[in-house]
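Novice: First, the structure itself, so that you have it in front of you.
The values are calculated or read from the model by the stated rules, or taken from the named source; none is laboratory data. On a predicted model such as this, the values are computed, not experimentally measured, just so you know. Using ideal geometry, Cβ is built from the backbone for each residue, glycine included, and neighbour counts are taken over all protein chains shown. To get the accessible areas, we keep the full protein, side chains included, count just its heavy atoms, and leave off ligands, DNA and RNA. Shrake-Rupley method; radii C 1.70, N 1.55, O 1.52, S 1.80 Å.
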Amino acid sequence: MSTAVSMTESDAHTLADFFNNSGCPPRVEKFAGPALSLPQEYREIGLNGKLCVEYLQLDSTNGGAPDANEGGPPNKNHVVFLVPFKKSLEVERDNEKPVEIFSARRSMDLTHEDGAMKAIDKNRLENPYDGMAMGSDYYPGTLYIELLRYDGRSLACNKFLTFTNLKFTTLGAFVDFLVGEKLHQMLFLGYALTLSFTSLFFCLACNSMQSFIQLHSAGAVAGTDTNGETLEANITNVYDRNGDGKHKLIGRGKFLDYTHIIPVDIKGAYEPESSSA
C-alpha cells in the first residue's frame, strides 16, 4: 500500500504531482526512501508510543553536508524525528545475513529523486513557482523514512528529546497523518544562490516544528518531554557535540499547500515574514 494521491492527467508534471506521485518512486533500497512509497510490511510496524526528536550534527564525518564552521560550534543541525518500534523486525537482505531494525527516522531533506525532478514541466508550475527557477530560486524537498538498527540516540545526535503518548499505533498511520496535513510538500527557497546551510537548518527546523505543532494540536503526542522540556524551548537552538546550544531564529519555510500555525507563545521564535527562507 502507498499513500500516493490520485492525480488527473492535467496535474501531471506539476509540483503537486511530484510531491504526491512521481517524486515518490518504489523504494530501491529497503532501508531508506520516500515516506509515501513505504512498503505495506513496514507501514504495519507497531510503534511503542514515543516520539524522539534528534538534533543531528552535520559534518563530513557522518555523511552530512560540511558545516561552514566545522571544528567550532555548528551553524546548523538536522532536526529529525525518531519513532521506536513496539518490537523489532527482521529484514532480509540480498546475499547477506538478515538484520534487525528497531526504529524509523522521519526527515525532510533536499530531494534525491533527480529523474522525477527533471520531469517537472516548468510551464505548468503552480503560482508563485511558475515565475521562479528550480535549482536556483527553489528546490523541492522530500519526506523520507529510514529504518534504523537501533532505537535510541544516534551517534551524530547533539540533543535528544523523548516525548510520550504518541497515539499512532503503526508507522503507516504516523506517515499518513503528516501527509494528510500536507507537511510533505515543502520547498527550500534560494538553495543554489542564496540559501546558506544555516538557512537550511532553519527550514528543517521549521518542518519539524510545524509537524510537532500539528501532532500536539491533534492530541497525538505529549507537549513536554520526559525531562519536562518543550520542543518550543529547544527548536531555536543549534546544539554542539557537548549538547550546548546557541540561539537561532526559525525560518518560516515554504509549503505548496499548507498554512503555518504559529502559536502566540512561540511567535517570537520565527524570523519576520520578509526575511523567511
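Novice: Starting at the first residue of segment 174-186, write each ³J(HN,Hα) from the Karplus equation 6.51 cos²θ - 1.76 cosθ + 1.60 with θ = phi - 60°, in whole Hz, x for Gly and Pro.
Specialist: 5, 4, 4, 5, 4, 5, x, 7, 6, 7, 7, 9, 10
Novice: What's the ranking of 114-126, 150-162 by average number of surrounding C-beta atoms within 10 Å, highest first?
Specialist: 150-162, 114-126
Novice: Of LEU110, ILE120, LEU148, which is farthest on the positive side of the dipole of segment 81-150, counting Cα position, with +1 on Lys and Arg Cβ, -1 on Asp and Glu Cβ, and the Cα centre as origin?
Specialist: Of LEU110, ILE120, LEU148, it is LEU148.
Novice: Let me know the charge dipole size of segment 114-177 about its Cα centre in debye, to the nearest 20, where only the beta-carbon of Lys, Arg (+1) and Asp, Glu (-1) is charged.
Specialist: Rounded to the nearest 20 debye, it is 300 debye.
Novice: OK, next. Using a Debye calculation, one point per C-alpha and no hydration shell, please list log10 I(q)/I(0) for segment 86-241 at q = 0.15, 0.17 Å⁻¹ in order.
Specialist: Calculated log10 I(q)/I(0) at the listed q: -1.01, -1.21.
Novice: Using a 1.4 angstrom probe on heavy atoms only, work out the carbon and sulfur share of the accessible area of segment 97-140 in %.
Specialist: On segment 97-140, the fraction of accessible area on carbon and sulfur atoms equals 48 percent.
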